[in-house]
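Enquirer: For reference, the structure I am asking about is given below.
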Amino acid sequence: MKILANDGIAQSGIDKLEASGFEVLTTTVAQEQLKNFINENSIEALLVRSTTKVRKELIDACPNLKLIGRGGVGMDNIDVDYARQRGLFVINTPAASSGSVAELVFAHLYGGVRFLYDANRNMPLDGDSKFKQLKKSYAAGSELRGKTLGVIGFGRIGRATAKIALGVGMKVVFFDPFITETEIAVEFYDGQSVSFPLKGMSKEEVISQSDFISLHVPAQKEYVIGKKEFSQMKDGVGIVNAARGGVLDEVALVDALESGKVAFAGLDVFESEPTPEIRILMHPKISMTPHIGAATGEAQTRIGAELADQIITLLK
Ligand SMILES: O=C(O)[C@H](O)COP(=O)(O)O
């Protein structure tokens, strides 16, 4: 049986699949060529990340497809319900990348409180007066320890983010419409573990109490953070979106950055992805990464292995 991993798959996945007799193709086929490629090569399983779109038209055009696999969490690039109605297996790897996304959130947070994104852009090639001037501009940094992190959406990634926050001495508050009470266990390198009981709050309470806010919600029709929510925040808050472009209103964000309501933002995802707006790209208070939350060797190795295990169970 042939599998096309159109957005790539880690060697861990290829090894497991090949050992079970599958043939894995890792060619990247352009979206418009996919239908022909899948049919001409008798592909029965299509694996994607977030780049390849698997919409109704493609599903209809490939009657021999048995499985669509998402190496990652968000399935907004796949017409999941339609594919399942048509009898296809649709799978993802919901747990494998949480730790990596959470670490990227902290890269943005630590970068934000010390102006790393702007310092990197401005470090002078010459002249010690510019250096001294920059040293002054970036003198008002702050620490994360002791501050409050508000987590909006307390699924696997939200919880992994909370775990790091608790581990570095932050207070965590969270909002999740489905969770009222929970516990986070923080494990240390020596095997010790400390449990923190946490109670959910309303979105407004979380937003108004937080020094930093991180979003961990799926793609949805409405903004989760827009003009109203920015007005409820503390002055000088830092905000990170490593969830989905479109859950954060970027026009309202730029206004909030310009008024000083928001001190900095870290964005890994964009309303207009993969071509973020110029106002976002050029903004001196925004730290940006190109949707790389899950892009670590460790996460991709886990994703590849988890996808392969599911495929072997379902199709072997
Ligand atoms: O939903 C996800 O798993 C993340 O957004 C990662 O997407 P990627 O696989 O395209 O990096």
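Enquirer: Grab the strands (runs of 3 or more DSSP E) fully contained in region 214-316, keeping just those with 1 or more residues being among the β-branched types (Val, Ile, Thr), in the same structural domain as Ile68 (by TED's automatic domain parsing) and within 30 Å of Asn6 (Cβ to Cβ).
Expert: The strands (runs of 3 or more DSSP E) meeting that bar number zero.
Enquirer: I've got another one for you. How many residues, within region 39-48, are within 16 Å of the ligand (Cβ to nearest atom) and either more than 20 Å from the chain's Cα centre (by Cα) or over 20 Å from Leu315 (Cβ atoms) (or both)?
Expert: Within region 39-48, residues that are within 16 Å of the ligand (Cβ to nearest atom) and either more than 20 Å from the chain's Cα centre (by Cα) or over 20 Å from Leu315 (Cβ atoms) (or both) number 1.
Enquirer: Same structure again: Which residues, taken from region 135-181, are surrounded by fewer than 16 Cβ atoms within 10 Å (Cβ to Cβ) and either under 17 Å from Arg244 (Cβ atoms) or not assigned by TED's automatic domain parsing to the domain that holds Ile239 (or both)?
Expert: Pro177
Enquirer: Filter region 51-75 for residues that are within 11 Å of the ligand (Cβ to nearest atom) and surrounded by 14 or more Cβ atoms within 10 Å (Cβ to Cβ); which is farthest from the chain's Cα centre (by Cα)?
Expert: Filtering first and then ranking leaves Thr52.
Enquirer: Give the number of residues within region 235-245 that are away from the ligand (no atom under 16 Å from the Cβ) and crowded, with 17+ Cβ neighbours inside 10 Å.
Expert: The qualifying residues number 3.
Enquirer: State all residues of region 76-100 that are surrounded by fewer than 21 Cβ atoms within 10 Å (Cβ to Cβ), within 9 Å of the ligand (Cβ to nearest atom) and in contact (Cβ under 8 Å) with a residue 60 or more places away in the chain; if no residue qualifies, say none.
Expert: Selection gives Asp76, Pro94.
Enquirer: Taking region 281-316 as the region of interest, how many residues are of a type in the set (S, T, N, Q), touching a residue at least 12 places away in the same chain (Cβ under 8 Å) and surrounded by fewer than 19 Cβ atoms within 10 Å (Cβ to Cβ)?
Expert: Qualifying residue count for the region: 4.
Enquirer: Can I ask one more? Applying the selection to region 265-280, what residues are within 16 Å of the ligand (Cβ to nearest atom) and buried (at least 17 other Cβ atoms within 10 Å of the Cβ)?
Expert: Within region 265-280, Gly266, Leu267, Asp268, Val269, Phe270, Glu271, Pro276 meet the criteria.
Enquirer: Same structure again: Please enumerate the residues belonging to region 290-306 that are polar (S, T, N, Q) and more than 11 Å from the ligand (Cβ to nearest atom).
Expert: Of everything in region 290-306, just one residue is polar (S, T, N, Q) and more than 11 Å from the ligand (Cβ to nearest atom), namely Thr301.
Enquirer: When you go through (1) charged (D, E, K, R); (2) more than 12 Å from the ligand (Cβ to nearest atom); (3) outside the structural domain of Ile157 (by TED's automatic domain parsing) one by one for Glu103, which number turns out not to apply?
Expert: Evaluating Glu103 over (1) charged (D, E, K, R); (2) more than 12 Å from the ligand (Cβ to nearest atom); (3) outside the structural domain of Ile157 (by TED's automatic domain parsing) leaves (3) as the failure.
The values are calculated or read from the model by the stated rules, or taken from the named source; none is laboratory data. Since we're looking at a predicted model, the values are computed, not measured. Glycine gets a Cβ as well: all are built from the backbone with ideal geometry, and neighbour counts include every protein chain shown.
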